[in-house]
Amino acid sequence: MFRLMLAGVLLAVSPSVLAQDGGTAGASTPAAKPIEPLPTATFARLPFIENAELSPDGRHLAGLFAIKGEQRIGIIPIGGDASQSIFVGVPDLTEVDWLQWVGDDNIIVGLRALLPVETDNWYISRLISINRTTGKPTRLLWDLKGQDASSVVWVPTDGSTEILVAGQNSIYEGEDFWPAVYRVDVATGRKRTEVNARGSVLDWGADHLGRVRYGIGYRDNTTKSTLIYRGDGKSVFRSIDSASLRDEERLSIPFVFVPGTDNGLVYADAPDGRTVIAENDLSTGKQLRIAHEVPAADIEGAIRSPDGSRLIGFYTSDNAKPIQWIDPAMAAHQKELDAASPQSKVRIESYSRDLSKLLVRISTPDNPGLFYYYDATTNNLSKLASVNEAIGGKRLSRSRLVQYKARDGLEIEGVLTMPRGRAKENLPLIVMPHGGPWGHDTLSYDYWAQFLAERGYAVLQPNFRGSTGYGEKFLKAGQGQLGFAMQDDVTDGVRWAVAEKIADPKRVCIVGASYGGYAAMWGIAKDPDQYRCAVSINGVSNLRREVNDFGGKVHSRLYRDQWQKMTPDFAAVSPINAIDRIRTPLLLIHGKKDVTVDHVQSAKMYSAMTKAGKSVEFVSIPLADHYFTREADRTTLLTAIEAFLAKHNPAD
């Protein structure tokens with residue numbers, strides 16, 4: 001049993017740290033008086049923190065904090081003087097891709113922007129560092145003239161401030177186009193070249209000692225990638241592996257070097273298509289053994305020790321056990337935390353260098369969760385904050401995984417959220433396909449789904465064919481089927497919900513964002529009698545435009561090939577070319593500062609719909625980005641959706 005410190009009071013952790021306002025998991029809600037729905041502002045509230053990272057000594061927390069309705073890059077002390085917190089605004093027209101500690105006093109932040117370069121818009125990446133004492137941001141490698149200068153190759157763990165970063169110095173093909181590796185001091189911004197640029201080598205990698213050991217070559221005209229390697233940080237590189245990325249071959253790139261050997265851990269394909277972790281002899285490229293695998297599931301990512309010298313766990317596609325720890329201490333921490341809150345999802349988000357201090361998020365599909373700080377040396381579990389203070393520990397609408405058969409017999413899984421305090425049958429339904437399309441929805445808290453359920457709608461989030469998380473065969477089942485069977489899987493989910501008497505067939509709307517926005521628009525064109533209305537958020541209306549827009553990336557031909565495998569004819573499945581088939585009202589919502597899907601995608605769809613005399617509304621949000629990282633923009637988004645649904649598909 002943990003000791004839980006809240007406001008200085010010593011308590012014991014109950015079987016579930018989340019309040020049971022809505023009843024225990026699996027229990028039915030009594031048909032009593034209707035529940036007063038939570039206000040829109042509650043769901044529009046930004047999370048307390050995103051991209052959370054503990055400092056190596058476990059004494060500070062960095063991340064994207066919600067400050068006065070906007071996200072700020074911040075560093076706060078844990079259990080110390082709050083006045084020592086520092087916050088820095090996210091640069092305008094950029095998105096934060098990631099952040100990472102360098103020692104205990106500095107963080108580095110990866111930024112991405114879509115900027116005009118010559119006659120096109122290109123994705124540009126850059127780095128800044130922020131000192132936790134001064135709060136001063138320092139630009140790193142911003143003097144380079146290339147497209148990408150934010151690929152961190154290595155970060156020291158001995159307290160020093162010099163990192164290794166790969167960056168391009170030109171946008172024109174030539175020696176400076178290919179990235180060199182620079183040793184950069186995050187405290188001063190000073191740099192010197194560590195490894196010179198090498199023709200066709202686009203990425204570099206180092207071992208945990210900071211020795212650059214490999215490079216990844218790529219030529220877009222052939223879509224062939226090569227791996228060059230050396231056994232130390234000084235000898236000559238030589239080619240040890242190659243792969244045709246167009247043919248979906250996998251390059252064996254080491255992410256952990258096995259100490260005392262010339263071996264490395266790599267991702268590999270099992271005979272049945274599952275992704276496993278193998279140990280390879282890097283001098284020959286030969287696979288020595290399967291080091292780690294999960295029955296009937298993919299390994300989706302490695303978790304390395306803070307110094308990068310060993311594997312301590314990995315992420316999996318197994319819903320029952322999404323993280324598996326190899327390190328005994330971390331496995332023990334997870335077991336104890338799970339036991340403290342058996343009805344919740346307990347996730348270790350970050351940890352100190354000695355693995356004794358943990359940032360823990362405890363949540364359920366019907367609650368955004370609470371952040372805790374666990375000190376294994378004292379066995380204390382201290383609450384830091386609610387993810388959403390307006391919800392706190394309240395339990396909202398219950399979600400569960402469901403399975404149904406597509407029309408060709410393929411089994412599809414989805415997440416079904418049933419509105420609390422409502423009837424269990426004949427409900428208005430919102431089907432909400434995910435973005436990507438290479439992604440998937442999980443049984444976890446989703447503020448859009450919960451908002452819609454709070455308004456009285458059942459919400460189905462189908463993981464259609466082509467989604468990740470279900471193995472290579474299911475992923476490839478989407479090839480050639482974008483706009484066809486992928487869309488049918490969404491429609492078949494609606495039909496399943498109707499057959500199960502969950503949904504009223506006359507009260508169904510489709511809502512989605514990004515690729516999901518495309519699916520919403522295409523859904524009312526392909527199956528115009530299925531839906532009463534549709535909402536597209538930052539959606540793609542013209543696939544040909546999207547497929548040819550890769551922001552100047554070197555992999556543009558490869559990306560184009562990957563998209564071309566998804567459908568035989570872009571124009572034939574683009575909503576903007578099928579407006580004559582649309583008979584249901586459409587709401588378009590798009591942020592003008594979206595750097596992922598161009599705002600023009602919705603603007604042109606609105607213009608074409610209006611010209612054709614179709615029922616359409618357009619909410620253009622001037623300061624919104626792709627992820628609605630401002631509270632005001634989330635309020636505008638949710639308010640617009642609520643009003644539109646109330647008009648065209650009112651709930652009970």
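The values are calculated or read from the model by the stated rules, or taken from the named source; none is laboratory data. Not measured: the values here are computed from a predicted model. Cβ: placed from backbone, ideal geometry, glycine included. Neighbour counts: every protein chain shown. All accessible areas refer to the heavy atoms of the entire protein, side chains included, with ligands and DNA or RNA removed. Shrake-Rupley method; radii C 1.70, N 1.55, O 1.52, S 1.80 Å.
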Leaving out ligands and nucleic acids, and using a 1.4 Å probe, what accessible area per residue does the range 450-501 come to in Å²? 29 Å²
Would you list, by chain and number, the aspartates and glutamates whose Cα falls below 16 Å from the Cα of LYS501, excluding same-chain residues fewer than 8 positions away? GLU425, ASP492, ASP652
Rounded to the nearest 20 debye, what is the charge dipole size of the chain about its Cα centre when +1 sits on each Lys and Arg Cβ and -1 on each Asp and Glu Cβ? 940 debye
For the range 79-118: rounded, prolate or oblate by the Cα gyration tensor [a/c cutoff 1.5]: prolate
Please work out the average accessible area per residue across the range 551-652, using the 1.4 Å probe convention, and give it in Å². 43 Å²
Leaving out ligands, DNA and RNA, what percent of the accessible area of the chain is carbon and sulfur, probe 1.4 Å? 50 percent
Ordering 261-273, 156-168 by per-residue average of other C-beta atoms within 10 angstrom, highest first, gives 156-168, 261-273
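Suppose R0 equals 25 Å; then what is the FRET efficiency for ASN196 and SER242 from their Cβ-Cβ distance, rounded to the nearest 0.05?
Between ASN196 and SER242 the formula returns 0.65.
How much length is gained on full extension from THR261 to ALA499, taking 0.36 nm per residue of separation minus their Cα-Cα distance?
Numbers: separation 238, 0.36 × 238 = 85.68 nm, distance 5.89 nm.
Length gained between THR261 and ALA499: 79.8 nm.
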Would you kindly calculate the translational diffusion coefficient of the range 294-391, applying Stokes-Einstein with the Kirkwood radius from alpha carbon pairs, for 20 °C and a viscosity of 1.002 mPa s, and quote it in µm² s⁻¹ without decimals? 150 µm²/s
Estimated 222 nm signal from helices in the chain, with DSSP H stretches of n ≥ 4 weighted -39500 (n - 2.57), rounded to 500: -4500 deg cm²/dmol
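So, by mean Cβ neighbours within 10 angstrom, what's the order for 431-438, 508-515 with the highest one leading?
Put in order of decreasing packing, that is 508-515, 431-438.
Determine the gain in length on full extension of the stretch GLU118-GLU50; use 0.36 nm per residue of separation and subtract their C-alpha separation, reporting nm with one decimal. Show your work: numbers first, answer last.
Working: separation 68, 0.36 × 68 = 24.48 nm, distance 3.46 nm.
The GLU118-GLU50 span can extend by a further 21.0 nm.
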Keeping every protein chain present and rolling a 1.4 Å probe, give me the accessible area per residue for the range 361-407 in Å². 34 Å²
Output the pairs from LYS191/LYS476; LYS321/LYS357; LYS526/LYS647; LYS592/LYS614; LYS345/LYS604 with a Cα-Cα distance over 32 Å in this structure; if there are none, say none. LYS191/LYS476; LYS345/LYS604
Taking 591-604, 482-495, 276-289 and ranking on average Cβ neighbours within 10 Å, highest first, one gets 482-495, 591-604, 276-289
What does the charge add up to near ASP307, with Lys and Arg as +1, Asp and Glu as -1, over the other residues with Cβ less than 10 Å from its Cβ? +2
Rh (Kirkwood, all Cα-Cα pairs) for the chain, Å, reads 26.4 Å
Non-local amide H neighbours of TRP154 (under 5 Å, H modeled in plane, Pro and chain starts lacking H): which ones? LEU164
Considering amide H positions built from the backbone, and no H for Pro or chain starts, which residues 5 or more places from ALA503, or on another chain, come under 5 Å of its amide H? ASN426, LEU427, VAL498
Net charge near TRP101: determine it from the other residues with C-beta under 10 Å of the C-beta of TRP101, scoring Lys and Arg +1 and Asp and Glu -1. -2
Can you tally the net charge around LYS506? Count Lys and Arg as +1, Asp and Glu as -1, for every other residue whose Cβ sits under 11 Å from the Cβ of LYS506. 0
